[in-house]
Amino acid sequence: MSEIRMLRYLPKGGESMRALAILLICVLAPAIAQEKTSTPAVASQDNPFSAWNKRTYGLVNKILLGYAEKMPEENYSFKPTEAVRSYGEVIGHIAESQYFFCSIVLDEKNPAPKIEKTRTSKADLIAALKDAFAYCDKAYNGMTDATGAQIVKLMGTDTPKLSVLFANLQHTAGHRGNLVTYLRMKNIVPPSSDPEFMQEVMKK
């Protein structure tokens with residue numbers, strides 16, 4: 001399926017949602033362009049919005065794990081400037097944010113594991129990222145378009161549950177941009193620019 005044809009599946013629920021969808025299609029374009037076998041539908045007929053959210057979240061997670069694995073251990077402390085997070089701290093921040101957003105949707109107390117400030121090694125941060133994604137999987141897997149319309153509080157604002165999960169996607173995708181810059185500064189090709197990596201991601 002080409003990236004142009006994929007545009008037909010984009011949600012119609014707002015400009016910000018369509019903007020992120022277009023961004024993600026651009027990220028996935030190397031794999032999509034070379035894909036020779038069909039992939040699972042982006043959205044189902046019964047729950048198109050929540051199914052799209054779940055599918056996209058799964059793809060973003062695989063890409064983020066690829067980023068975490070690609071950077072060598074010695075560069076996890078790398079900062080472009082002292083005013084910003086290190087590579088490892090960005091990974092930790094992304095992991096922490098999963099608990100923040102998804103605990104709201106799950107109506108649970110945020111476990112708040114403080115990953116960014118307590119874990120520094122590559123192995124520990126990758127493990128934390130996997131655990132955080134597994135926590136959020138419960139929220140995405142249990143979501144339907146109907147339950148996604150339920151209102152919860154996000155930073156004091158009444159927000160549909162599905163929009164909270166979408167905000168998590170936006171936040172994660174935004175920090176992917178940070179990791180791209182860090183990798184490029186170390187002359188490392190980001191996984192999302194590697195057609196072979198993206199083809200494997202799309203197959204799973």
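Taking into account only those residues within region 66-88 that are of a type in the set (F, W, Y) and in a loop (DSSP other than H, G, I, E, B), which is surrounded by the fewest Cβ atoms within 10 Å (Cβ to Cβ)? First the steps, then the outcome.
Within region 66-88, the subset of a type in the set (F, W, Y) is 67, 76, 78, 87.
Filter once more, keeping what is in a loop (DSSP other than H, G, I, E, B): 76, 78.
Numbers: Y76: 22, F78: 15.
The selected residue is F78.
Report whether or not D124 is over 17 Å from N53 (Cα atoms) and assigned to a helix (DSSP H, G or I). Taking the combined requirement at face value, the residue satisfies it. Note on region 82-124: residues that are in contact (Cβ under 8 Å) with a residue 40 or more places away in the chain, of a type in the set (D, E, K, R) and in contact with a His (Cβ under 6 Å, 6 or more places away or on another chain) amount to 0. When restricted to residues that are more than 17 Å from the chain's Cα centre (by Cα) and at pLDDT below 95, region 158-180 contains 0.
The values are calculated or read from the model by the stated rules, or taken from the named source; none is laboratory data. Given the structure is predicted, the values throughout are model-derived calculations rather than measurements. All Cβ positions, even for glycine, are placed from backbone atoms using ideal geometry, and neighbour counts span all protein chains on display.
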